[in-house]
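Here's the structure, in structure tokens; my notes come after.
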Amino acid sequence: MTVIEKNVCCTPSEMSSEAFTLGPLQLGPPCCDPEPHIQIKNLSLSYADKTALSGVSLDIYRGCITALIGPSGCGKTSFLSSLNRLTDMIAGCKIKGEILVDSVNVHAANTDVQALRRRIGMIFQKPNPFPLSIRRNLEMPLKEHGIRDRYVLSHRVEKALTDVGLWDEVKDRLDSPALALSGGQQQRLCIARALVLEPEILLMDEPCSALDPLSSAVVEDLIKSLRGRYTVVIVTHNLAQARRIANYAGFFWMQERTGTLIEFGRCQQIFEAPAHQLTAAYVSGARG
Amino acid sequence: MSRSRTDQPLISVLAISAVIAAAILLLILLFLLRESWPVLNKVGILRFFTDDGWYPLEARFGLAPMLWATLAVGIGAVLVATPLGLAATLFTRFYAPRWLALPFQRMVALLAGIPSVVFGLWGLTVLVPFIAAFEPPGASLLAGILILTIMILPTIALTADAALAAVPEHYLRGSAALGFSRATTILGVLLPAAKAGITGGILLAAARALGETMAVLMVAGNVVQTPTSLFDPIRTLTANIALEMAYATGDHRASLFVSGLMLMGLVLVLAMSASRLGGGRLHG
């Protein structure tokens with residue numbers, strides 16, 4: 001099996017879409033120089049009555065798409081939420097271990113959570129635009145982070161909407177309610193709302209699973225286009241999707257009643273030559 | 001919708017109940033119209049707005065001062081109670097420690113259950129003398145507004161709390177993930193999301209304020225005049241009915257029914273604006 005080594009993640013515009021079919025994988029390129037953007041060291045996460053995750057260590061590489069796969073309830077979403085400290089919102093949630101984003105310790109007591117979340121955008125399973133106009137949805141994050149200049153605001157709004165391919169669809173009705181958009185448009189608006197802050201990292205929790213197949217494909221193409229510009233961590237139950245878009249993949253599984261990371265590696269390796277038999281069983285559809 | 005045979009009994013029960021509810025409203029309206037008809041027919045509806053005084057025995061039927069008084073006391077109470085009720089709700093829901101928030105909410109709920117005549121008693125013996133100390137006579141528009149404020153505040157606070165509690169969790173997470181402060185989350189996301197429910201509560205409270213009789217009657221002084229200051233004694237349409245119905249006959253009696261019609265008109269306008277606002281939910 002020859003791996004076609006392409007400098008994929010650094011030149012997203014050169015990628016042809018045929019390269020990401022289910023055919024011979026050209027994925028899992030050595031992403032420029034794999035440079036850790038987020039380092040997770042021996043992370044354990046527990047809620048009041050149960051341990052959701054234990055002993056997770058991995059590096060997430062800058063500019064790459066990292067897919068987290070595995071059955072429901074094995075801690076993928078908990079893991080994702082711990083990266084931007086959204087776990088703070090859950091009473092009784094305790095974190096052990098260390099998460100470093102460019103050597104900033106995420107869970108240190110003196111970390112500026114608001115500044116951290118500005119660097120780390122998050123997209124949820126269910127599109128959640130605020131019940132405001134399209135424009136207000138995008139301007140509010142900017143204003144919250146101190147940008148008031150009218151010209152800058154409208155420029156950044158247009159840029160974010162263009163980036164997600166929504167500009168032409170909504171430019172004539174920016175002041176109409178965001179909730180009147182279709183599900184796929186709403187999800188793209190949510191991605192635009194995250195992008196408008198110019199984050200470095202995007203966390204995505206099953207961003208396509210609540211969408212119809214066509215919208216899902218549009219959003220998936222959009223995520224693919226983010227490669228190289230953002231560090232993307234995406235939780236997905238759609239193995240084919242993970243295969244199509246990810247550079248790296250991590251496989252989570254329940255072991256001894258707690259979720260844990262079984263295997264992490266280049267996407268292609270995880271899908272075609274998994275080292276662990278659980279991974280092999282899961283990606284082949286035999287288990288999970 | 002397809003109707004299977006098992007639906008039939010349920011449909012009948014529901015339909016009958018609906019007809020009864022609608023019929024009662026219609027009958028009350030018809031009754032009001034019938035009772036007020038003699039005087040409406042004789043002097044015309046316009047005279048009730050244009051006559052320069054309320055001397056029904058001398059055929060002067062000016063209800064306008066009482067209409068203005070009713071509106072002034074109702075709107076005043078809503079204007080005072082809305083910020084207070086909203087602030088109390090936001091504080092207990094988002095900032096107060098648990099040990100304070102829970103008893104506070106219980107107390108507000110209890111406040112909603114106090115009979116209006118008790119508020120009236122308290123207003124008569126405490127509030128009116130207190131206002132009189134600054135600006136006699138004390139029984140005034142201001143006293144009416146304050147009493148009504150206390151009465152409708154729980155309605156506004158409780159409905160706002162329920163509306164905020166019903167805001168989907170994903171708005172909160174989305175807001176947190178964007179690095180919003182708590183203040184921005186509340187003002188920028190939660191309040192717009194709960195707007196329909198909060199507005200509904202305010203309109204409900206306004207309807208109660210317009211319709212409240214006893215407490216206002218006890219503290220407002222009941223002088224028929226268009227209020228020009230907060231310290232003027234006023235008489236509301238409801239108080240007018242309650243005060244004079246016992247001895248009114250003939251055209252006088254009929255003109256009291258016109259007061260009732262006018263009140264219903266006010267509440268109808270309110271209900272219509274409520275449904276319009278409710279229908280605009282998506283455009284928040």
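Of everything listed in (1) touching a strand residue (DSSP E or B) at 6+ places or on another chain (Cβ under 9 Å); (2) within 23 Å of A:Ser78 (Cα to Cα), the single unmet condition for A:Leu174 is (2).
Restricting to region A:178-188, name every residue that is touching a strand residue (DSSP E or B) at 6+ places or on another chain (Cβ under 9 Å) and within 11 Å of chain B (Cβ to nearest Cβ). The one that is touching a strand residue (DSSP E or B) at 6+ places or on another chain (Cβ under 9 Å) and within 11 Å of chain B (Cβ to nearest Cβ): A:Ala178.
Taking region B:212-223 as the region of interest, how many residues are part of a helix (DSSP H, G or I) and either more than 16 Å from the chain's Cα centre (by Cα) or within 13 Å of chain A (Cβ to nearest Cβ) (or both)? Show your work before the answer.
First pass over region B:212-223, keeping only residues part of a helix (DSSP H, G or I): B:214-219.
Add one more test, that the residue is either more than 16 Å from the chain's Cα centre (by Cα) or within 13 Å of chain A (Cβ to nearest Cβ) (or both), and what stays is B:218-219.
Count: 2.
Within region A:95-127, the residues that satisfy the criterion of being out of contact with any Ser or Thr (no Cβ under 7 Å at 6 or more places or on another chain), of a type in the set (Gly, Ala, Ser) and more than 10 Å from every other protein chain (Cβ to nearest Cβ) are A:Ser103, A:Ala108, A:Ala109. In region B:158-187, the residues that are farther than 20 Å from A:Leu116 by Cβ reach residues that are basic (Lys, Arg) and assigned to a helix (DSSP H, G or I) with C-beta atoms within less than 9 angstrom, at least six apart or across chains, in these pairs: B:Ala160/B:Arg93; B:Asp161/B:Arg93; B:Ala163/B:Lys195; B:Leu164/B:Arg93; B:Ala165/B:Arg93; B:Ile186/B:Arg93.
Yes/no per residue for (1) over 22 Å from A:Cys74 (Cβ atoms); (2) more than 16 Å from the chain's Cα centre (by Cα); (3) surrounded by fewer than 21 Cβ atoms within 10 Å (Cβ to Cβ); (4) among the hydroxyl-bearing types (Ser, Thr, Tyr):
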residue: A:Met204; (1), (2), (3), (4): no, no, no, no
residue: A:Ser216; (1), (2), (3), (4): yes, no, yes, yes
residue: A:Thr258; (1), (2), (3), (4): no, yes, yes, yes
residue: A:Gly265; (1), (2), (3), (4): no, yes, yes, no
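Among (1) buried (at least 20 other Cβ atoms within 10 Å of the Cβ); (2) within 12 Å of chain A (Cβ to nearest Cβ); (3) in a loop (DSSP other than H, G, I, E, B), there is one condition B:Leu190 misses while meeting the rest; what is its number? If we test B:Leu190 against (1) buried (at least 20 other Cβ atoms within 10 Å of the Cβ); (2) within 12 Å of chain A (Cβ to nearest Cβ); (3) in a loop (DSSP other than H, G, I, E, B), just (3) comes out false. Against the definition (more than 19 Å from the chain's Cα centre (by Cα) and either over 26 Å from A:Trp167 (Cβ atoms) or not small (Gly, Ala, Ser) (or both)), how does A:Val283 come out, yes or no? Yes.
Can you confirm whether A:Leu261 is assigned by TED's automatic domain parsing to the domain that holds A:Phe79, assigned to a strand (DSSP E or B), in contact (Cβ under 8 Å) with a residue 24 or more places away in the chain and not β-branched (Val, Ile, Thr)? Yes: the conditions hold for A:Leu261.
Checking region A:189-208 against the condition returns a match, with at least one residue being facing another protein chain (nearest Cβ under 10 Å), out of contact with any Gly (no Cβ under 8 Å at 6 or more places or on another chain) and of a type in the set (Val, Ile, Thr). What do you reckon, is B:Ala132 without any contact (Cβ under 8 Å) to a residue 12 or more places away in the chain and within 12 Å of B:Val219 (Cα to Cα)? So B:Ala132 passes the test.
Just to be sure before I move on: is A:Thr87 closer than 13 Å to B:Ala176 by Cβ and either part of a helix (DSSP H, G or I) or in contact (Cβ under 8 Å) with a residue 12 or more places away in the chain (or both) in the structure I sent?
On the way: closer than 13 Å to B:Ala176 by Cβ: yes; either part of a helix (DSSP H, G or I) or in contact (Cβ under 8 Å) with a residue 12 or more places away in the chain (or both): yes.
Considered against the rule, which asks whether it is closer than 13 Å to B:Ala176 by Cβ and either part of a helix (DSSP H, G or I) or in contact (Cβ under 8 Å) with a residue 12 or more places away in the chain (or both), A:Thr87 comes out as yes.
Residue selection: B:Ala242 fails the criterion of being out of contact with any Phe, Trp or Tyr (no Cβ under 6 Å at 6 or more places or on another chain), buried (at least 21 other Cβ atoms within 10 Å of the Cβ) and more than 30 Å from A:Leu189 (Cα to Cα). Just checking, does region B:53-61 include any residue being within 22 Å of the chain's Cα centre (by Cα) and surrounded by 12 or more Cβ atoms within 10 Å (Cβ to Cβ)? Scanning region B:53-61 turns up no residue that is within 22 Å of the chain's Cα centre (by Cα) and surrounded by 12 or more Cβ atoms within 10 Å (Cβ to Cβ). Kindly evaluate A:Asp175 against the criterion of being more than 8 Å from every other protein chain (Cβ to nearest Cβ) and at pLDDT below 90. Here the answer is no, as A:Asp175 does not meet what is asked.
Listed conditions (1) assigned to a loop (DSSP other than H, G, I, E, B); (2) under 14 Å from the mean Cα position of the chain (by Cα); (3) within 11 Å of chain B (Cβ to nearest Cβ) are all met by A:Phe130, apart from (2).
Of the numbered conditions (1) surrounded by 22 or more Cβ atoms within 10 Å (Cβ to Cβ); (2) under 30 Å from A:Ser176 (Cβ atoms); (3) under 19 Å from the mean Cα position of the chain (by Cα), A:Leu68 fails exactly one; give the number of that condition. Of the numbered conditions (1) surrounded by 22 or more Cβ atoms within 10 Å (Cβ to Cβ); (2) under 30 Å from A:Ser176 (Cβ atoms); (3) under 19 Å from the mean Cα position of the chain (by Cα), the odd one out for A:Leu68 is (2). Residues of region A:185-205 that are farther than 18 Å from A:Leu153 by Cβ and touching a residue at least 40 places away in the same chain (Cβ under 8 Å): A:Gln186, A:Gln187, A:Cys190, A:Ile191, A:Glu200, A:Ile201, A:Leu202, A:Leu203, A:Met204, A:Asp205.
Across region A:186-218, the qualifying residues are those that are part of a loop (DSSP other than H, G, I, E, B) and charged (D, E, K, R), and the one among them that is farthest from A:Arg117 (Cα to Cα) is A:Asp212. The lone criterion from (1) away from chain B (no Cβ under 12 Å); (2) within 22 Å of A:Ile234 (Cα to Cα); (3) touching a residue at least 40 places away in the same chain (Cβ under 8 Å); (4) not in a loop (DSSP other than H, G, I, E, B) left unmet by A:Ser82 is number (3).
For (1) under 26 Å from B:Leu86 (Cα atoms); (2) within 14 Å of chain A (Cβ to nearest Cβ); (3) part of a loop (DSSP other than H, G, I, E, B), each residue gets a yes or a no:
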| site | (1), (2), (3) |
| --- | --- |
| B:Thr185 | yes, yes, no |
| B:Gly200 | yes, no, no |
| B:Leu204 | yes, no, no |
| B:Leu210 | yes, no, no |
| B:Phe231 | no, no, yes |
| B:Ala242 | no, no, no |
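Among the candidates A:Gly73, A:Gly63, A:Gly92, the residue that is at pLDDT below 90, more than 14 Å from chain B (Cβ to nearest Cβ) and surrounded by 19 or more Cβ atoms within 10 Å (Cβ to Cβ) is uniquely A:Gly63.
Quick check: is even one residue across region B:253-263 over 30 Å from A:Ala178 (Cα atoms), surrounded by 13 or more Cβ atoms within 10 Å (Cβ to Cβ) and at pLDDT below 90? Before the answer, list the steps.
Here is the first cut: in region B:253-263, the ones over 30 Å from A:Ala178 (Cα atoms) are B:253-263.
So of that shortlist, the ones also surrounded by 13 or more Cβ atoms within 10 Å (Cβ to Cβ) come out as B:253-263.
Still in the running and at pLDDT below 90: none.
No, that holds for no residue.
Residues being at the interface with chain B (Cβ under 8 Å from one of its Cβ atoms) and in a loop (DSSP other than H, G, I, E, B): count how many of those fall in region A:133-163. So the answer is 1.
Taken as a whole, the condition of being within 14 Å of chain A (Cβ to nearest Cβ) and in contact with a His (Cβ under 8 Å, 6 or more places away or on another chain) does not apply to B:Gly174.
The values are calculated or read from the model by the stated rules, or taken from the named source; none is laboratory data. Predicted model, so just to flag it, every value in this text is computed and none were measured. Backbone-built Cβ (ideal geometry, glycine too); neighbour counts: all protein chains shown.
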